[in-house]
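Down below is the structure, laid out as structure tokens.
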Amino acid sequence: MLEFTEYTKIFISLFAIIDPVGIIPIIIAFTAGMTAQKRERVGRMASLSVLFILLAALLLGEAILEFFGISIHSFRTAGGILLLLMSINMLIGDKPKLSPDDNTDGDATSSIAIVPLSTPLLAGPGAISTVILDAHKGTGTGHYGVMALVLIALSLTVWLTFLIAPWVSKRLGKIGSNIVTRLMGLLLAAIAVEFMAGGIRGLFPALG
């Protein structure tokens, strides 16, 4: 096992990479029109998805990538393309919304919670690669147990972020939310380009 301060550093670094607070406007944009119950469900599903994805990265990440012959750079490029498609929908106002009177669970709630909120926005290539690298810093069940606790704490922060988002949305109002949606679409497009650029540079070092 590592020193306690090392695990604290790991938590802080992963929190900075995941940045759940920074994507509050994007959460607002993708959950606009949902009832409070649906938003809470999306937040719960997203936090659990983040936990599952990062735990899988902790225990099996490197083995899975090696088995399929996938590099982290390819994963980053694919995530960037996915984000770019989402950002285009946000910019042109064609983002699918759930009506407040829709009481069925539906596939839309699950899909939004998992893609793009859980991955690649929160548990993206940066977080996954960081977890894989941090897993190699120590050995033994104790190390992996503490790492799992760190990931659980991170998923709780994601869940709390979703609880805060409706309060922020109410302060913005409908017009403010529409403006934020367009701005976040543009920002998301820029993030997508960075994802793709970083992945392509990794795949083709000569371009760097």
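If you place +1 on the Cβ of every Lys and Arg and -1 on the Cβ of every Asp and Glu, how big does the dipole about the Cα centre of segment 121-208 come out, in debye to the nearest 20?
Rounded to the nearest 20 debye, it is 380 debye.
Check the chain and count each lysine pair with an alpha-carbon distance under 30 angstrom, considering only pairs eight or more places apart or from different chains.
Count of close lysine pairs: 9.
If you take the alpha carbon radius of gyration of segment 4-207 and divide it by 2.2 N^0.38 Å, what ratio comes out, to two decimals?
In units of the globular-protein estimate, segment 4-207 measures up at 1.05.
In a solvent-free Debye calculation with one equal scatterer on each Cα, what is log10 I(q)/I(0) for segment 148-208 at q = 0.17, 0.19 Å⁻¹, listed in the order of the q values?
The Debye formula, applied to the Cα set alone, gives -0.84, -0.87.
Where does the chain land at 222 nm, in deg cm²/dmol rounded to the nearest 500, when only DSSP H runs of n ≥ 4 count, each adding -39500 (n - 2.57), divided by all residues? Don't jump to the answer; show the numbers that get you there.
On the way: 7 runs with 157 residues, N = 208.
The helix contribution divided over the chain gives -26500 deg cm²/dmol.
Mind checking the dipole of the chain: about its Cα centre, +1 per Lys or Arg Cβ, -1 per Asp or Glu Cβ, Debye to the nearest 20?
Dipole of the chain, to the nearest 20 debye: 600 debye.
Using θ = phi - 60° and the Karplus curve 6.51 cos²θ - 1.76 cosθ + 1.60, what whole-Hz ³J(HN,Hα) does each residue of segment 52-65 get, with Gly and Pro shown as x?
Couplings: 5, 5, 6, 5, 4, 5, 5, 8, 10, x, 5, 5, 5, 4 Hz.
Quick note: the coordinates plus some simple rules give every number you see, no bench work behind them. Since this is a predicted model, take the numbers as computed values, not measurements. Reconstructed Cβ throughout: ideal geometry from the backbone, glycine too, with neighbour counts over all protein chains shown.
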